[in-house]
1. Specify which of the listed residues (95, 149, 127) is within 23 Å of residue 291 (Cα to Cα), surrounded by fewer than 21 Cβ atoms within 10 Å (Cβ to Cβ) and not acidic (Asp, Glu).
2. Enumerate the pairs (first residue in segment 402-430 and under 10 Å from residue 445 (Cβ atoms) and not assigned by TED's automatic domain parsing to the domain that holds residue 620; second residue anywhere and in a helix (DSSP H, G or I) and at pLDDT below 85) with beta-carbon separation below 7 Å, excluding pairs fewer than 6 apart on the same chain, so at least 6 apart or on different chains.
3. Out of 531, 505, 482, 467, report the one residue that is of a type in the set (Ser, Thr, Tyr), under 26 Å from the mean Cα position of the chain (by Cα) and on the phi < 0 side of the Ramachandran plot.
4. Can you tell me which of 211, 190, 235 is assigned by TED's automatic domain parsing to the domain that holds residue 260, surrounded by 20 or more Cβ atoms within 10 Å (Cβ to Cβ) and over 20 Å from residue 298 (Cβ atoms)?
5. So residue 293 passes all but one of these: (1) part of a helix (DSSP H, G or I); (2) acidic (Asp, Glu); (3) at pLDDT below 95. Which condition number does it fail?
6. Just to be sure I understand the filter: pairs with C-beta atoms under 8 Å, separated by 6 or more residues or on different chains, first member in segment 468-480 and more than 15 Å from residue 582 (Cα to Cα), second member of a type in the set (S, T, N, Q). Which pairs pass?
7. I need a count of the residues in segment 18-45 that are closer than 26 Å to residue 353 by Cβ, buried (at least 21 other Cβ atoms within 10 Å of the Cβ) and out of contact with any Lys or Arg (no Cβ under 8 Å at 6 or more places or on another chain).
8. So how many residues does segment 215-263 have that are of a type in the set (A, V, I, L, M) and touching a residue at least 40 places away in the same chain (Cβ under 8 Å)?
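The values are calculated or read from the model by the stated rules, or taken from the named source; none is laboratory data. Not measured: the values here are computed from a predicted model. Backbone-built Cβ (ideal geometry, glycine too); neighbour counts: all protein chains shown.
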Amino acid sequence: MTKPIRVVVIGVGHLGQHHARIYSEMPDVELVGVVDIDEERSKRIAREYKTSAFSEHTQVLKRVDVASIAVPTELHYRISKDFLNAGVHILIEKPMTQTIEEADELLELAKRKNLVLQVGHIERFNPAVSALNRVIKEPRFIECHRLGPFKPRAANIGVVMDLMIHDIDIILSLVNSPVKRIEAVGIPVLSQEEDIANVRITFENGCIANLTASRVTKEETRKIRIFQRDAYLSLDYINQELSIYRREITPDGKVKILSSRPEIEKVEPLRLELEAFIRAIQRGQEPLVSGKEGREALAIVQEISHQIKPKKRIMILAGEASGDLQGAYLAQELKKLSPGIDLFGIGGRKMEKAGVRLISDITQIAVVGFVEVLKHIRTFRRILKKLDNLMEKEKPQGIILIDNPGFNLRVAKKAREENIPISYYISPQVWAWGRKRVRKITNLVKKMIVILPFEERIYQDAGCPVSFVGHPFLDIVRPTLSKKEAYERFEIEKNRPIIGLLPGSREGEIKRLLPVMIEAARRIREKIPESQFILPLAPTLSKERVNAVLKRANFSIKVVEDPTFDVRSIMDFALVASGSATLENACLGLPMLIVYKVHFTTWLLSKILIKIPYIGLVNVVAEKKVVPEFLQYGARPGRIADACLEILQDSKKLNEMRTELAKVKEKLGEPGAPRRAAENILETLEEAK
């Protein structure tokens, strides 16, 4: 007896829930689970179809043979790639991906892994279409109408990608000829994208197809009419009916029109689609709607969309967790100011959620230091080559760089060769490394957008166009809970000292800094037995990794996953890694001390190259030592603990530090930095035209 095929459904919203229903009824299939970011929905669907609920697709990669992917289009590529790499056959709901490049990569991966990749063009499985395929031959003219009421769930994409793509796929399968010419018009009515569109496709063999799609009509219509030399064929998708009209010459020479309607067994198309998918896997066959055909439909849709509404295309690059956060806020503002903008590039999950089409996510391998970069040099080179190719293919109207100079300046050099204007948001720390890098940046970028007040003068002196927009932390660093609510949520006793450990967002920082902080915490607890220690987990780190370090140290610290600043709002003091977290703490008025260590070679080189007396951003902005710094060989647990105790047990010193931190916050400007940055970038693009 053959083992059942293990299936998971990713996304159980409007369509995915029906995937789950049908799979649960199929005899040769075991529905292992359903995945949805809405945990209540996934649990409800799981209960209904007697399976398991998950919140992340990564939880099931090794448990299944097959995945049906019914999530928003912008997530298709990343999730599909993960399953293909895990050796899992996939069905992707239409459209296949957002871009041709993503589709090509998935096709190549599926081919290399010998896996079935089917695209969910459901109308191919409509029984009326199957009947049509038996009678059609050499179509000369095709007319399609796909009309219906507006549905807010699809408002983020146009009607061509939402509805017309069904008819495009059907027509390509019927005509079987290369496309010669496309003419398209469309207008938005109820959304920012086109809600009604008309397209005329001329094929090399002379066939012409006229397609109309609308989501602003009251009644739903889905019909296709086909004219060929010997017949007129009319198909109703909704009612699964096919009418055939043929011309006949009577014995007396008169023309007579004969009509017929073949008998069609009405079956749910989605059921036929999923059954065919499973059958293709069992038999090792090419699916009826292969990835190649899904790609062909996508290519036509992209050309139509470009004709209807040419979009600004901007490449945006961020390389670590803090850059991902700033990139996400910037992307949101860019989309508000220019709703049709196409943002793509490198970042993390926050940027992806904000609507950036990710080419790669390097936030998981973010590193600091010369030696640390060398360990990942092959990965960086591969991504750089990919970006070079994309610049040549997609020809973005502009590029936005966010900090991360080691990587971004290499991209900037290529962009300059391609004559693509560059906006640099969040300057590298040129004030620490000397003026040579300032000259290099000035030669490459069209506009610097800086977030620290003293940076504006540095670039002005170098002759670089620059705007100080204020610091984005003034918009971002705000607790969402009251202190009373935060104490309850994190199960912290408010009458006992609360000390935070913030060892950074990189693996290397956890390795070097967390053991030092734990030993310092142990000594603090010896002096203040009632002290409580809490570690907010950075989104780039796994809880298991941090807990493993804590277990080896045999020391109890509460690890919390808090994407906001609620847990920090109730801390009395913090041990923090040098970096942007020091300014976040300043915005919160949280007293702290800074701890940092890097590889010995990196430290040695930095001693030679760094030109400023402090490395902590909070001290750099203050232009004096507001917060103690314990660096490299000075970062010893005993010294750190003594300094912490000295400040924590002296209310005067605590208040003095809070006063100085408030002055630092004032220097950061006014709220609204991401909006002002987005305005600057769009202005720069207009000037560059």
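1. 127
2. What qualifies is 415/391; 421/688.
3. Exactly one residue qualifies, and that residue is 505.
4. None of the other options fit; the residue is 235.
5. (3)
6. 469/680; 479/564; 479/569; 480/564
7. Looking only at that region, the number is 7.
8. Summing the residues that are of a type in the set (A, V, I, L, M) and touching a residue at least 40 places away in the same chain (Cβ under 8 Å) in segment 215-263 gives 8.
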